[in-house]
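Read the structure below first, then the notes.
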Amino acid sequence: MKQFISNVSYWLSDDGIFFIPIAEFKNLVNGTQYNDIEFPFIITDNAPVYGGQILATAFMWSWVEPSGKRHDNMLVSQVEIMIEMFNKYFQSVELIEYANGYYKGIVATNNKQDLSELISNFSFNNNEMSSILPEKLSLINKVKNNFKKVLNLFKKN
C-alpha cells in the first residue's frame, strides 16, 4: 500500500486530488458473529520458534457479486495507519464520510513529492549494474537524463 500511495503521488498533478474509499471491518461483518473483533488484536503472545507477539493488523477479503463477478483479495487496513501513510506524501489528508456515513474515504491533496527524489531511484550500485542487460541500461540512462532535463525546466520557472 505504501508503494501504491507513493506511486500515485508522483503521477498526480500539483492540483490533483487523490480519493480512495476505505473498507471498514465493522461494515463487512455487521450482524455476524464477528461484530466484536477490533483491529489490531493479538493473535498470540508467544509466536512459534522465535517468540514475541503476533498481531492481526488488517483483514483480507473477497466479494462475489450476485452476477458472479469477483473482487478478490481486497484489504481492510486500519484507518489511522492509512492516514499516516498518506501524510508522508501529501500536505492535506482528510477522512471523509459518504453514503450517509456508512462509508469512509481518504481525500489527499497538495503533493509533497519532488521529482529529484524520483530521479534518485534510478541510481544503481556496481552489483546491480552488472546484472542489467546493456540495452536496458541504455534505456534507463535515457529516462534518467530526460527526468533531469524536465526537473531543470521546472527549476528555471
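The values are calculated or read from the model by the stated rules, or taken from the named source; none is laboratory data. Everything numeric in this text was worked out from a predicted model, so none of it was measured. Please note: Cβ atoms are built from the backbone with ideal geometry, for glycine as well, and neighbour counts cover all protein chains shown.
Observations on the structure shown:
- The residues in the stretch 17-30 that are surrounded by 14 or more Cβ atoms within 10 Å (Cβ to Cβ) and in contact (Cβ under 8 Å) with a residue 60 or more places away in the chain can be counted, and the count is 4.
- Residue match in the stretch 61-73 (condition: farther than 19 Å from S9 by Cβ, surrounded by 12 or more Cβ atoms within 10 Å (Cβ to Cβ), modelled with pLDDT of 80 or more and under 19 Å from the mean Cα position of the chain (by Cα)): yes
- On inspection, F39 qualifies as touching a Ser or Thr at 6+ places or on another chain (Cβ under 8 Å), among the hydrophobic types (A, V, I, L, M, F, W, C) and surrounded by 10 or more Cβ atoms within 10 Å (Cβ to Cβ).
- Residue within the stretch 24-47 that is among the aliphatic types (A, V, I, L, M) and within 21 Å of E97 (Cα to Cα) present: yes
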